[in-house]
Amino acid sequence: MATNRRTLIGITAAVFGCLLCMLCAIFSSQIGSSPATPTRIALSTRAATPADTRMPPAPTATEPTVRDPVDTPLPRRTPEPADTHTRMATPPGTDTPTRVPTSTTAPRIIPTVTPTLTRPPTHTRTNTPHATDTPTRTPTVTPTLDHAPPTITNMAVSPTALTYSCGGSGNVTITANVSDASTLSSVTAYSAYWRSGASSAASPLASTPMQFFLVNLPGSPPRSWWGGTIDASDSAYYLGGSNGWLQYYIGATDNKGNTGYTPAGWIAITGYACIK
């Protein structure tokens, strides 16, 4: 585009130069018709009309002097541009600019980096478990209702046989081991006399409280038991000279009111005749 504009400017300047040359030639021809001696003589000059004696001579129109075509450059026809983009002919005498090919550097394609929308990282808060002191529930001890009677074991008597004559029999020692989950309230030995072949006791039931004994012997573990003494001096009275039996057993009661009994034991009693 810059080169075409320069070309058009040059052509326009040439046209105006030619027009100026033509105007200068016309003005020069008019000036040459004056009384001054022209440099060159025209080839043909029209003769002057004879003046009328009766009237003043009319002014004569002087044709312009035709100059030698050698000295006066004729205007040349300038071809009209058919298109503004068509290269027009350059008039003679005009320096035609030399179009230097402009080195065109291929445009460097810069890759367009489309930024990728990156979502900011979501920070997830992690709750670190802390050691929590869990209160330990102490189970409430529910007292178990004690409905079990005391346990009585190892019941023993001494002597195991009795005799009587005029007086009564001797005493009987009775022992046993008694235990219970609760505290023992009492341990009692019960006894009664029975005649041989009878279906019922010959005496009322007698009770003998028993006591707790604890013996620590050197070199041996402690030993504990419950013991008591049964009075058998009334054997002659209740048996009446007959043979019979001394029935015995032990009963124990805890502080909950539970009572347990042992099976009954029997001691044979032999009666002798009383001779006075």
- request: Select the strands (runs of 3 or more DSSP E) contained entirely in the stretch 198-246, then report the ones holding at least 3 residues which are closer than 16 Å to SER158 by Cβ.
  value: 223-230
statement: If we take the stretch 142-193, then strands (runs of 3 or more DSSP E) inside it with 3 or more residues that are open to solvent by less than 30 Å² (accessible area, probe 1.4 Å) and closer than 19 Å to GLY260 by Cα are 172-179
PRO204 vs. criteria exposed (fewer than 12 other Cβ atoms within 10 Å of the Cβ) and modelled with pLDDT of 95 or more: yes
Scan of the stretch 250-276 for residues that are hydroxyl-bearing (Ser, Thr, Tyr) and either open to solvent by 80 Å² or more (accessible area, probe 1.4 Å) or on the phi > 0 side of the Ramachandran plot (or both), ordered by number: TYR261, TYR272
message: For the list (1) free of Cβ contacts under 8 Å to residues at least 40 places away in the same chain; (2) within 22 Å of SER169 (Cβ to Cβ), I need the number of the one condition that GLY228 fails.
response: (1)
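The values are calculated or read from the model by the stated rules, or taken from the named source; none is laboratory data. Since the model is a prediction, treat every value here as computed from it, not as a measurement. Using ideal geometry, Cβ is built from the backbone for each residue, glycine included, and neighbour counts are taken over all protein chains shown. Surface accessibility is based on the protein's heavy atoms, side chains included, excluding ligands, DNA and RNA. Shrake-Rupley method; radii C 1.70, N 1.55, O 1.52, S 1.80 Å.
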